[in-house]
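*Asks:* Structure provided below as structure tokens; questions to follow.
Nothing in this text is a laboratory measurement; each read-out follows from the coordinates by a stated rule. Not measured: the values here are computed from a predicted model. Here the Cβ is made from the backbone with ideal geometry for all residues, glycine too, and neighbour counts use every protein chain on show.
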Amino acid sequence: MWLATGWITALVATLSAIFIGEVMGRTPCVLCWYQRIFMFPLALVLGVASYRGDHDGWRYAMPLAVVGAGFAGYHTLLYWRVIEPEIVSCSAETSCSGAEMAILGSIPLPFVSLLAFALIVISLFLVRHHTNK
């Protein structure tokens, strides 16, 4: 169950990132790309592990989820201006700091990414806990 929770979270996050980039035409910033680099393989690794019932899949997914959460946390702190450097986008017309890069007008995408990575990490810890009994 927890393995599937992590997989569904990674799958929704991956499909959402593809939708925002390809359908909505939003160019991701550098930090968004790093988060994608760690989220996209999670959808595959956790999907295969869920399908096969391989509860040891958490061992392969956890490093990706933790590093991705680190990037998402840093990005969130930049967005909220807790850390001062500007968010640098890949193109001049796109920035993660705009209102169009928020869900419901107030929840920034970097924070949503952090929540997704956190949920995946928690579900992987639960998989590990239930497997080691």
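*Asks:* Whose amide H sits under 5 Å from the amide H of Cys29, counting only residues 5 or more places off or on another chain, with H placed in the peptide plane?
*Replies:* Residues meeting the criterion, in which the H sits 1.01 Å from N, are Cys90.
*Asks:* Using just the helices of the chain, give the 222 nm mean residue ellipticity in deg cm²/dmol: DSSP H runs with n ≥ 4 each add -39,500 (n - 2.57), and the total is spread over all residues, rounded to 500.
*Replies:* Result for the chain: -22000 deg cm²/dmol, rounded to the nearest 500.
*Asks:* At q = 0.13 Å⁻¹, what log₁₀ I(q)/I(0) does the chain have when each alpha carbon counts as one equal point scatterer in the Debye sum?
*Replies:* Results for the chain at q = 0.13 Å⁻¹ read -0.53.
*Asks:* Now a separate question. In whole percent, what relative contact order does segment 2-131 give with Cα contacts below 8 Å and a gap of six or more residues?
*Replies:* It comes to 37 percent, rounded to a whole number.
*Asks:* Mind sorting His55, His130 by how few other Cβ atoms lie within 10 Å of their own Cβ, fewest first?
*Replies:* Ordered from fewest to most neighbouring Cβ atoms within 10 Å, His55, His130 come out as His130, His55.
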